[in-house]
2 protein chains.
Amino acid sequence: MPPSVWLRPERAAVGRPARRSRAEITAAAVAVADRDGAEAVSMRRVAAELGTGAGTLYRYVETRDELLDLMADHVAGEYAFAAPTGDWLDDLVDVGLQARGIHRRHPWLAERVLTAPGTGPHGADLVEHHLAVLADHPADDAAKLVALGVLSALVATFARAEHAGRDLERNAEYMAHVAAAGTHPHISALDAPPPDPAHDPLPGVLRGVLTGLLPTGSGS
Amino acid sequence: MPPSVWLRPERAAVGRPARRSRAEITAAAVAVADRDGAEAVSMRRVAAELGTGAGTLYRYVETRDELLDLMADHVAGEYAFAAPTGDWLDDLVDVGLQARGIHRRHPWLAERVLTAPGTGPHGADLVEHHLAVLADHPADDAAKLVALGVLSALVATFARAEHAGRDLERNAEYMAHVAAAGTHPHISALDAPPPDPAHDPLPGVLRGVLTGLLPTGSGS
DNA sequence: CTCCTTCGGGATCATCGTTCGCGAACGATG
DNA sequence: CATCGTTCGCGAACGATGATCCCGAAGGAG
């Protein structure tokens, strides 16, 4: 029922002016998340970061989830879009690599991007750039938007895998158990060469997925 | 530190036997989630479903997150794998469509799949089937596993979009605002033909992504 | 200077995940 | 059949969370 955060006016027109701003609160929340992880972003913790009370935050934000949306769009402002080069594949791979950079700077973002589409002003800039890059591409608009969604989800998945740590260990432990059990012959036959840290798989994967998703006659 | 849920023995060898089982609790949790959504899966609620106390569940499960892992693997048991047909693309698309069916039956799964890789026994079956389908494919093992990860993330993303409801409305509202504002010319130029309900975009997307991700000489 | 609206923030509520302690229940042992 | 060691069931309790509410304070408009 209530409109999106970005359509609701930030400050009241009359009365006592607010001491803080939505952006200030968002920045504080991002700082907390960067420092102590996503689960540390509680209203009390963010309020403490600002030296105020927890209830005060609800003057700026309707709900905690809304604050998380604001955070996601805030860091989406870190994209630095260059003018399209004419090679849409290169340009979209660049978007993907920039996205990974953002994810590396803000590890808490991965869960959020995957959970909520959360498109604010900076998200709109991303969509605009994406469509500009693909302006001459023959695919229809729906396919282009799907491609952006897949691109985002894919990068987020890779980013999450990068800082999974504990979970990955336990998963590998269980898979080793399954392999040793003898059932699941194909899993047992897996050979895991030590991953080459010098080789970055993301660009290749992005190229593959994007060319598969946006076929064209006039090549890259 | 503690091993995975699936490596920890379920019941103690000696002493008073447990009245319930891990599977029973998992099934109850799935029932609650299917009926009232993911956020309704609290220890107290699941315990009430079983007619017991909240603290009791901790005899079977180390933490709430572990219970969610069990739930995810539980519904992964709904896959019905057929023998590989010889056409790996068709077989993998079939896996994707089955996955969407599971997501439609259990809307809470989308967030979970994207959040945690959670691979249990049924997850291992899925990996095994995937590798069996791709047994004759020239790609190396790492690429095949990446393809499965992308496939899962992609289907989950589509599934989440299907039952997004509220969020999608607000997002569309904001995008309409941006389009009307006049900045972002490519967004303003978007034309949205009414989506054709008879056309299912998922198979085509999966084909595109998979062919892009797993290139081969001897085609589908 | 006054008034009206908004802000600030502490108290408060319901709920959550989790821990703890204790009495009861069960299998093994003699 | 009696005893013993161990585990289970469960309710109370703890700390923390998201959210609401109220009231005194503060600032701009007239």
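The values are calculated or read from the model by the stated rules, or taken from the named source; none is laboratory data. Just so we're clear, the structure is a prediction, and the values are computed from it rather than from any experiment. All Cβ positions, glycine included, derive from the backbone under ideal geometry; neighbour counts span all protein chains shown. Ligands, DNA and RNA are excluded from the accessible area calculation, which covers all protein heavy atoms including side chains. Shrake-Rupley method; radii C 1.70, N 1.55, O 1.52, S 1.80 Å.
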Virtual spin-label span in nm between B:Glu78 and B:Ala164, 7 Å along Cα→Cβ: 2.2 nm
Read phi for every residue in region B:67-76 and hand back ³J(HN,Hα) as whole Hz from Karplus 6.51 cos²θ - 1.76 cosθ + 1.60, θ = phi - 60°, with x for Gly and Pro. 4, 5, 4, 4, 4, 4, 5, 4, 6, 5
Using a 1.4 Å probe on protein heavy atoms only, how many Å² of accessible area do B and A hide from each other, summed over both chains and rounded to 100? 4100 Å²
Accessible area of the protein assembly as shown with a 1.4 Å probe: how many percent of it is carbon plus sulfur? 56 percent
Label-point separation in nm, B:Glu62 to B:Arg11, each point 7 Å along Cα→Cβ: 2.2 nm
In what sequence, largest accessible area first, do B:Asp141, B:Asp73 appear using a 1.4 Å probe? B:Asp141, B:Asp73
Nm distances between copies for A:Glu173, ranked from closest, using label points 7 Å along Cα→Cβ: 4.7
May I ask you to list the GluC sites (Glu not before Pro) in region A:1-105 that are in a DSSP loop and have at most 13 other Cβ atoms within 10 Å of their Cβ? A:Glu10, A:Glu62, A:Glu78
Which of the residues in region A:155-169 show a loss of at least 40 Å² in accessible area from their chain by itself to the complete set of protein chains, at a probe of 1.4 Å? A:Arg160
Roughly what would the spin-label model give for A:Asp196 and B:Glu49, points 7 Å off Cα along C-beta, in nm? 4.8 nm
Any residues in region B:1-44 that have 50 Å² or more less accessible area with all protein chains than in their chain alone, probe 1.4 Å, and which are they? B:Leu7
How high is the relative contact order of region B:88-213, in percent, with contacts defined as C-alpha pairs under 8 Å that are six or more residues apart? 39 percent
Per-peptide average of other Cβ atoms within 10 Å, ordering B:173-180, A:14-21, A:103-110 highest first: A:103-110, B:173-180, A:14-21
Taking a ≥ b ≥ c as the square roots of the eigenvalues of the Cα gyration tensor, with a/c under 1.5 meaning rounded and otherwise prolate when a/b exceeds b/c and oblate if not, the protein assembly as shown is oblate
Taking the label point 7 Å from Cα in the Cβ direction, how far apart in nm is A:Ala12 from each other copy of itself, listed shortest first? 5.9
Gyration tensor verdict on region A:88-213 (Cα atoms; rounded if a/c is under 1.5, prolate if a/b is larger than b/c, oblate otherwise): prolate
Relative contact order (percent, whole number), region A:22-72, Cα cutoff 8 Å, 6+ residue spacing: 38 percent
Minimum Cβ-to-axis distance in chain B for the rotation onto chain A, with residue, whole Å: B:Gly212, 1
With Cα springs under 10 Å, the Gaussian network model of chain A assigns the largest mean-square fluctuation among A:Arg207, A:Arg22, A:Arg170 to A:Arg170
Averaged per residue, what accessible surface does region A:102-160 expose to a 1.4 Å probe, in Å²? 34 Å²
